[in-house]
Amino acid sequence: MIDKRTASAHEALADVRDGDTIMVGGFGEAGSPIELLHALIDQGAKDLTVVSNNCGSGEVGLAALLKAERVSKVICSFPRTANSTIFPELYRAGKIELELVPQGTLAERIRAGGAGVPAFYTPSAVGTPLAEGKETRDFDGRTYILEHGLTADFTLIKARAADTHGNVLYNKTARNFSPVMAMAGRATVVQAQSVVDAGALDPETVVTPAIFVDRVVHVAEPAHESELIAAGVAYP
Amino acid sequence: MSETPKIGRTREEMAQRVAQDIADGSYVNLGIGIPELVARFVPEGRELVYHTENGLLGMGPSPAEEDADPELINAGKRHVTANPGASYFHQADSFAMIRGGHLDLCVLGALQVAKNGDLANWSTGGKDAIPAVGGAMDLVAGVKSIYVITTHTTKTGEPKLVDACTYPLTGLGVVTRVYTDLAVIDVTPDGFRLVELSPGVDFEYVARRTGAPLLPALEGAHA
């Protein structure tokens, strides 16, 4: 019997090790897996590399993981956001490394990593500081740069619904990076607002097929970053 | 150079001027800031489809505060709505739309535009600045037309249309047209060419505030 349900976020993340690479879904607060991130803080793994579009806001979720000094490097397209103070402080203090990647290149590197493609050529960033030191090649008279696929030890994503096999549906623009990150994680952990039996989701509407998902945690009422910040919450 | 006096188009008038040039049925990505205002001024009878790179095609206006959904936002992380006919998709698909040349037009802000169309709009390169790029480099690499909407000069009067960008580049030779408070200017193989002056502004006034030669409008040119 396949049943990927895991009793708690803490159990789902028990085997994260120091030095692991963690992909974290979300664009701003939309799709940010706050409860999994808080469980990762409790779990205690350090020296992590985080792959995420942003670096969180306030002192909850991803920003709280950074504040706890568990992250030594971020691979990211837009690390500063309204209400983001933690990343700028750590970066200016030289306590965190930043690999800045154009958003579309970040998405494609993750997709490629999950799809077994080690590298690809892209026109994005040609001629800019972000292309420095990268291999180039011309196709049909245009210059492209070589970018490498990305994979992760763990991927943490937030979903509207999942079934016991691990098929996943998302909510509106909270989908963003999660489907490609699910493909690129050795262990993909999903926190889902509702968890249903296999067969309850229409196969035509499944967004992330179950093969990309390893663990499903039921989080019935997920917190939103902006609401926690407005309530003055700082985790832990 | 002294501070630019308050003549020429306001932010809203610049956005309105851009909106006139967007064809019915276009798929359009609007950058954060002044470009976002363009959507308010689309002429009656035209239907545009707005793409926001975080994963929505068919973006509608901001909702009333009580209807805001924290999981329905645009690339500027503002609450938005989904119009009839909208779709949601993941980031790799969103940037396939961008890089694959499927979008007709992108309207962006700028720090500098060079006479050869080079664009700098993501960083002033300051030592203490936190680098952040988002989707700008992908947009300029892939969207068919790139319009820039910007004030003609900085707050301290420095030209934003320049001979060569001094700030870190976003893309090479990508800008097709610039809409400023003072004029509409095309980027051509010969450099900046005036398309149209803003009401009450003369050619010399614009040329003096442009950091590279400004060619006069072509006879009978229409924007």
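Residues that are farther than 25 Å from A:HIS218 by Cα and not charged (D, E, K, R) are absent from region A:22-40. Scanning region A:160-191 for residues that are surrounded by 24 or more Cβ atoms within 10 Å (Cβ to Cβ), within 14 Å of chain B (Cβ to nearest Cβ), part of a strand (DSSP E or B) and not polar (S, T, N, Q) returns a single hit, A:VAL168.
One line per residue, one yes/no per condition, for (1) aromatic (Phe, Trp, Tyr); (2) within 27 Å of A:VAL190 (Cβ to Cβ); (3) at pLDDT 95 or above; (4) surrounded by fewer than 24 Cβ atoms within 10 Å (Cβ to Cβ):
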{"site": "A:SER32", "(1), (2), (3), (4)": "no, yes, yes, no"}
{"site": "A:ILE41", "(1), (2), (3), (4)": "no, yes, yes, yes"}
{"site": "A:ASP47", "(1), (2), (3), (4)": "no, yes, yes, yes"}
{"site": "A:VAL51", "(1), (2), (3), (4)": "no, yes, yes, no"}
{"site": "A:LYS73", "(1), (2), (3), (4)": "no, yes, yes, yes"}
{"site": "A:ALA82", "(1), (2), (3), (4)": "no, no, no, yes"}
{"site": "A:GLY113", "(1), (2), (3), (4)": "no, yes, yes, yes"}
{"site": "A:PRO118", "(1), (2), (3), (4)": "no, yes, yes, yes"}
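Residue check: is A:GLY114 within 17 Å of the chain's Cα centre (by Cα) and away from chain B (no Cβ under 11 Å)? No, not satisfied. Scanning region B:135-145 for residues that are part of a loop (DSSP other than H, G, I, E, B) and crowded, with 23+ Cβ neighbours inside 10 Å gives B:GLY135, B:VAL143. The residue that is farthest from the other protein chains (Cβ to nearest Cβ), among those in region A:117-134 that are small (Gly, Ala, Ser) and in a loop (DSSP other than H, G, I, E, B), is A:GLY133.
If I ask for residues that are more than 8 Å from chain A (Cβ to nearest Cβ) and either closer than 13 Å to A:ALA107 by Cβ or not small (Gly, Ala, Ser) (or both), which ones from region B:124-138 would you list? So that I can check it myself, show each step before the final result.
Going residue by residue through region B:124-138, those that are more than 8 Å from chain A (Cβ to nearest Cβ) are B:124-127, B:129.
Answer for region B:124-138, where residues must be more than 8 Å from chain A (Cβ to nearest Cβ) and either closer than 13 Å to A:ALA107 by Cβ or not small (Gly, Ala, Ser) (or both): B:THR124, B:LYS127.
Kindly establish whether A:GLU147 is crowded, with 21+ Cβ neighbours inside 10 Å, among the acidic types (Asp, Glu) and touching a Lys or Arg at 6+ places or on another chain (Cβ under 8 Å).
In short, yes.
Report whether or not B:GLY125 is modelled with pLDDT of 95 or more and either touching a Pro at 6+ places or on another chain (Cβ under 7 Å) or assigned to a loop (DSSP other than H, G, I, E, B) (or both). For B:GLY125, the condition - modelled with pLDDT of 95 or more and either touching a Pro at 6+ places or on another chain (Cβ under 7 Å) or assigned to a loop (DSSP other than H, G, I, E, B) (or both) - is not met.
When B:VAL148 is tested against (1) surrounded by 20 or more Cβ atoms within 10 Å (Cβ to Cβ); (2) part of a helix (DSSP H, G or I), exactly one condition is not met: (2).
Residues that are β-branched (Val, Ile, Thr), in contact (Cβ under 8 Å) with a residue 40 or more places away in the chain and at negative phi: find the helices (runs of 4 or more DSSP H) completely inside region A:1-105 holding 1 or more of those.
Qualifying helices (runs of 4 or more DSSP H): A:34-43.
Determine which single condition B:ARG40 fails, assuming it passes every other condition in (1) of a type outside the set (Gly, Ala, Ser); (2) under 30 Å from A:SER226 (Cβ atoms); (3) modelled with pLDDT of 95 or more. The one condition B:ARG40 does not meet is (3). Inside region B:154-195, residues that are part of a loop (DSSP other than H, G, I, E, B) and among the charged types (D, E, K, R) make up a count of 6. Close Cβ contacts (under 7 Å, 6 or more residues apart or on different chains) running from residues in region B:86-97 that are more than 7 Å from chain A (Cβ to nearest Cβ) to residues that are surrounded by fewer than 21 Cβ atoms within 10 Å (Cβ to Cβ) comprise B:ALA86/B:GLY58; B:SER87/B:GLY58.
The values are calculated or read from the model by the stated rules, or taken from the named source; none is laboratory data. Just so it is clear, the model here is predicted, and its values are computed rather than measured. With ideal geometry, Cβ positions are generated from the backbone for all residues, glycine too; neighbour counts draw on all protein chains shown.
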